[in-house]
Amino acid sequence: MHNPIEGVDYIFDRYAFLGLKPDAARRDIEKAIRDLRAGLHPDRLLSVDPEVKAGAERKRTLVDRCAEILLNDALRPLYDARLQQFRAESPRMVSETGTAIIDLSRERFSID
């Protein structure tokens, strides 16, 4: 079995994860990211269960991944085009949670 590759096998819908629409303005994206980061800050999670902390760390990582693409003026249009392509051609391969989607029916070329 192979490891799924984002943008090839599936795509992470960063807008949906942030609770935004794809045509969101930059300031709305910045606000959503800032609000999520504040809510997931480690200082707010000092007395919570370790599982909750681990989930918050994962979410913080995903928020950072959203910021890397959506706040980059060069990458965002490329990402938007790829997301639109996935939505049109393979809508079930769009992850709104950041979890990789594996399509076991899809053949992959392997050099192993």
Mind pulling the angle between the C-alpha long axis of helix 26-39 and the longest principal axis of the chain? Nearest 10 degrees, somewhere in 0 to 90.
60 degrees
When ligands, DNA and RNA are left out and all protein chains stay put, how many square angstrom of accessible area per residue does the chain have with a 1.4 Å probe?
68 Å²
On the accessible surface of the chain, probed at 1.4 Å with all protein chains in place, carbon and sulfur together account for a percent value of 52 percent
Whole-number percent relative contact order across the chain, with pairs defined as alpha carbons under 8 Å at least 6 apart
47 percent
Using a simple charge model, +1 on the beta-carbon of Lys and Arg, -1 on the beta-carbon of Asp and Glu, nothing else, what dipole does the chain show about its Cα centre, in debye to the nearest 20?
340 debye
Match the structure shown to one of the listed values [x] 7.5; [y] 8.2; [z] 8.8 of mean projected area of the Cα convex hull in nm², computed from it, and give that label.
[z]
What number, rounded to the nearest 500 deg cm²/dmol, is the helix-based mean residue ellipticity at 222 nm of the chain, given -39500 (n - 2.57) per DSSP H run of at least four residues and division by all its residues?
-16000 deg cm²/dmol
What does the charge count around SER95 come to, taking other residues whose C-beta lies under 9 Å from its C-beta (Lys +1, Arg +1, Asp -1, Glu -1)?
-3
Cα axis of helix 50-70 to longest principal axis of the chain: angle in degrees, 0 to 90, nearest 10?
70 degrees
Degrees separating the helix 75-89 axis from the principal Cα axis of the chain, which is the longest one:
50 degrees
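The values are calculated or read from the model by the stated rules, or taken from the named source; none is laboratory data. Please read these numbers as outputs of a predicted model, since none were measured by experiment. All Cβ positions, even for glycine, are placed from backbone atoms using ideal geometry, and neighbour counts span all protein chains on display. The accessibility values were calculated without ligands, DNA or RNA, using every heavy atom of the protein model including side chains. Shrake-Rupley method; radii C 1.70, N 1.55, O 1.52, S 1.80 Å.
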